[in-house]
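A short worksheet on the structure shown next.
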Amino acid sequence: MQDPITPELLKDYTTLNLGPTHPATHGIFQNVLKLDGEVIVDTEQTVGYIHRAFEKIAERRPFYQVTTLTDRMNYCSSPINNIGWHMTVEKLIQVEIPKRAQYIRVIIMELARIADHIICNAVIGVDTGALTGFTYMFQWREKIYDIYEQICGARLTTNIGRIGGMERDLNETAIRLINEFLRDFPKVFGQFRSLLERNRIFMDRVIGTGPISAERALNYGFTGPNLRAAGVDYDVRVMNPYSSYQDFDFNIPIGTSGDTYDRFMVRNEEMVESMKIIRQALDNLPEGRHFADVPEFYLPPKEDVYTKMEALIWHFKIVMGEQDVPIGEVYHSVEGGNGELGYYLVSDGGRAAYRLHFRRPCFIYYQAYPEMIKGSMLSDAILTMSSMNVIAGELDG
Amino acid sequence: MAEITNTYILEKLQQHFGADVLSSEESYSMLSVTLNKDRNVDVIKFLRDDSELQFNFLTDLCAVHYPDNVGNELCMVYHMHSFYTNLRIRLKFFIPISHPHIATMTVLYEAANWQERETFDFYGVVFDGHPNLKRIVNVDEMDYFPLRREYPLEDGTRNDKADEYFGR
């Protein structure tokens, strides 16, 4: 496309700071927009406002302490980060965990995916001016947090599960809450969908906003719903099944044009698929234990620590980080709320990782933002950003 | 068409890059190949464009610092993924810390842009030809590369967590 703006006119551009703390950025990151009237000519992004050097900290901490760092990356779906990390270590130490624990993990990860998508899609509504859907949907995120609370005791930064399994089995309340969620959420979700999906005003606002082609999306390293909205059916759960995802019957929704509407629709459909997975996992929950027999990594139950010598020894060894780990390099990835969340772990046999690198999906795909909004209106830039599901904690690492 | 296995990929790489393939190993079913650092773009372009291998996706790139590996202290690690064969491969290129230069991957993948800036930020690897090589998450005034091993995380005078207390 020929740029109609001649150099003499350059001085008329307006510079606008979108962020670092702007309500529409939903996180701490800055965009310096160069505007011609209301049309975006160029964007310069600044990230790193909440960088906490997790990769450095992880080089000093025993593996079980890294879980709490992963919480704080994509804090909208922290259980996926936690469980992805546990699975990375389990791959390194080559331990197979029981089916029951795998199914419980699947239930939790899919609940987390729903919570993540609720936030993203409800906020797309808010950014278009439709606050109603947000108020309906956000209650249900709280109900998912209630389920987390029953499983692990925490709500936002969950630290859920352990290396080698789950810290405890699903209790009756948790199962009841999950069943209630599966029963009642679809009704509210249906109302939300009928409020926006075929709403003329909403559609006019989001169709064609911030598009990206499949080819460019792949080149930019897109993964997750954003890549699928562009028409590439890549999903880690299907390509490299982990935690028994191969046992479940579910579809991978894809879009065609990679615009804001497609991203919105892909997330909505994914929530439906996630509910299907949770239903199947809950109905077919295998009997058995919720943790593998790896006393050298799995923290023993607290009552045993108080009463049994052996459990006390293992507890001490794990907590003090005295446990040897195999030497090796492992890359493991899970389908996070917003893309392929990868862990590259280099172990030299010491107490902590020699090197741990997180492949943070939104750090990689957020690079494409200037290209996606170039030539569009300022208000479209806001929508494009919220539909990309950029989470500041994950962005900065 | 032959089935694409790790052995087959390695043979193909050796065929094309000969002595530039320095070593290889297979760990946790992923092929990991170490190659000559001057060929990094060629190797990844070959893997991407080869009609059989089709490693079309640059999953991840990062650096690792091995201070004891004198002359080859820094290691650039690239993870590639083929959506066609569903195979992954890890490529390593060792570079000296005294002259930490390697060609940029942004000529092939836009995704490499920020990841290379991050690697520069933390390890000081200079990516020749990068369009905008400056720090990304740390402050611009920082004058060291914090993820290098010589920067201890905690107070250097503190030794209560030293390995010797744990029998190592």
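Out of the residues in segment A:18-29 that are under 15 Å from A:Phe363 (Cβ atoms) and not β-branched (Val, Ile, Thr), state the one that is surrounded by the fewest Cβ atoms within 10 Å (Cβ to Cβ). Break it down stepwise before answering.
Keep residues of segment A:18-29 that are under 15 Å from A:Phe363 (Cβ atoms), which gives A:27-29.
Imposing the further condition that a residue be not β-branched (Val, Ile, Thr) reduces the set to A:27, A:29.
Details: A:Gly27: 20, A:Phe29: 24.
Taking the candidates together, the pick is A:Gly27.
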Considering residues that are more than 7 Å from chain B (Cβ to nearest Cβ), crowded, with 17+ Cβ neighbours inside 10 Å and of a type outside the set (Lys, Arg), the number found within segment A:54-67 is 7
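Name the residue that is nearest to the other protein chains (Cβ to nearest Cβ), counting only residues in segment B:39-60 that are of a type in the set (D, E, K, R) and more than 13 Å from the chain's Cα centre (by Cα).
Start the filter on segment B:39-60 by keeping residues that are of a type in the set (D, E, K, R), which leaves B:39, B:42, B:45, B:48-50, B:52, B:60.
Next, from what is left, pick out any that are more than 13 Å from the chain's Cα centre (by Cα): B:42, B:45, B:48-50, B:52.
Values: B:Asp42: 19, B:Lys45: 13, B:Arg48: 11, B:Asp49: 14, B:Asp50: 17, B:Glu52: 19 Å.
Across segment B:39-60, the extreme among qualifying residues is B:Arg48.
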| field | Condition check for A:Ile151: within 25 Å of A:Val95 (Cβ to Cβ), modelled with pLDDT under 95, out of contact with any His (no Cβ under 6 Å at 6 or more places or on another chain) and not in a loop (DSSP other than H, G, I, E, B) | value | yes
Only one of B:Thr157, B:Thr119, B:Thr106 is at pLDDT 90 or above and not in a helix (DSSP H, G or I), namely B:Thr106
Going through (1) facing another protein chain (nearest Cβ under 9 Å); (2) of a type in the set (Gly, Ala, Ser); (3) in a loop (DSSP other than H, G, I, E, B) one by one, B:Ala63 fails only at (3)
Check your understanding: Somewhere in segment A:69-79, is a residue within 14 Å of chain B (Cβ to nearest Cβ) and not β-branched (Val, Ile, Thr)?
Key -> yes
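Could you please find all residues in segment A:267-286 being surrounded by fewer than 15 Cβ atoms within 10 Å (Cβ to Cβ) and more than 21 Å from A:Glu90 (Cα to Cα)? Outline the logic, then answer.
First, the residues of segment A:267-286 that are surrounded by fewer than 15 Cβ atoms within 10 Å (Cβ to Cβ): A:283-284, A:286.
Answer for segment A:267-286, where residues must be surrounded by fewer than 15 Cβ atoms within 10 Å (Cβ to Cβ) and more than 21 Å from A:Glu90 (Cα to Cα): A:Asp283, A:Asn284.
Pick from A:Glu167, A:Glu142: which is in a loop (DSSP other than H, G, I, E, B) and either of a type outside the set (A, V, I, L, M) or assigned by TED's automatic domain parsing to the domain that holds A:His22 (or both)?
Values: A:Glu142 fails: in a loop (DSSP other than H, G, I, E, B).
That would be A:Glu167, the only listed residue that is in a loop (DSSP other than H, G, I, E, B) and either of a type outside the set (A, V, I, L, M) or assigned by TED's automatic domain parsing to the domain that holds A:His22 (or both).
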Scanning segment B:23-76 residue by residue, those over 17 Å from B:Ala103 (Cα atoms), touching a strand residue (DSSP E or B) at 6+ places or on another chain (Cβ under 7 Å) and small (Gly, Ala, Ser) turn out to be B:Ser23, B:Ser24, B:Ser27, B:Ser32
Filtering segment B:1-24 down to residues that are within 15 Å of the chain's Cα centre (by Cα) and surrounded by 14 or more Cβ atoms within 10 Å (Cβ to Cβ) yields B:Val21, B:Leu22, B:Ser24
Expected output for segment A:349-370 (first residue over 18 Å from B:His79 (Cβ atoms), partner of a type in the set (Lys, Arg), Cβ below 8 Å, 6+ apart or cross-chain) is A:Gly350/B:Arg168; A:Ala352/A:Arg60; A:Ala352/A:Arg61; A:Ala368/A:Arg216
By my count, helices (runs of 4 or more DSSP H) wholly in segment A:311-397 with at least 1 residues that are touching a His at 6+ places or on another chain (Cβ under 8 Å) and on the phi < 0 side of the Ramachandran plot are A:378-388, A:392-396
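Kindly indicate which of B:Val137, B:Val77 is facing chain A (nearest Cβ under 10 Å) and modelled with pLDDT of 95 or more. Spell out how you get there, then give the answer.
Numbers: B:Val137 fails: modelled with pLDDT of 95 or more.
Testing whether each residue is facing chain A (nearest Cβ under 10 Å) and modelled with pLDDT of 95 or more leaves just B:Val77.
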A:Pro361 passes all but one of the listed conditions (1) within 19 Å of A:Asn219 (Cα to Cα); (2) in contact with a Phe, Trp or Tyr (Cβ under 6 Å, 6 or more places away or on another chain); the exception is number (2)
Within segment A:315-342, residues more than 10 Å from chain B (Cβ to nearest Cβ) and either crowded, with 22+ Cβ neighbours inside 10 Å or closer than 29 Å to A:Thr46 by Cβ (or both) come out as A:Val334, A:Glu335, A:Gly336, A:Gly337, A:Asn338, A:Gly339, A:Leu341
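If I filter segment A:189-197 for residues that are more than 14 Å from chain B (Cβ to nearest Cβ), of a type in the set (Lys, Arg) and within 22 Å of the chain's Cα centre (by Cα), do I get at least one hit?
Initial filter on segment A:189-197 (more than 14 Å from chain B (Cβ to nearest Cβ)): A:189-197.
Next, from what is left, pick out any that are of a type in the set (Lys, Arg): A:193.
In the following step, the residues that additionally are within 22 Å of the chain's Cα centre (by Cα) were identified as A:193.
Among the residues of segment A:189-197, at least one is more than 14 Å from chain B (Cβ to nearest Cβ), of a type in the set (Lys, Arg) and within 22 Å of the chain's Cα centre (by Cα), which makes the answer yes.
Within segment A:267-284, does at least one residue satisfy the condition of being assigned by TED's automatic domain parsing to the domain that holds A:Gly339 and at positive phi? Steps first, answer last, please.
Start the filter on segment A:267-284 by keeping residues that are assigned by TED's automatic domain parsing to the domain that holds A:Gly339, which leaves A:267-284.
Filter again for at positive phi, leaving none.
Checked against the condition, which is being assigned by TED's automatic domain parsing to the domain that holds A:Gly339 and at positive phi, segment A:267-284 yields no hits at all.
The values are calculated or read from the model by the stated rules, or taken from the named source; none is laboratory data. Everything numeric here is computed off the predicted structure, so don't read it as measured data. Quick reminder, even Gly has a Cβ in these numbers, built from the backbone with ideal geometry, and neighbours come from all protein chains shown.
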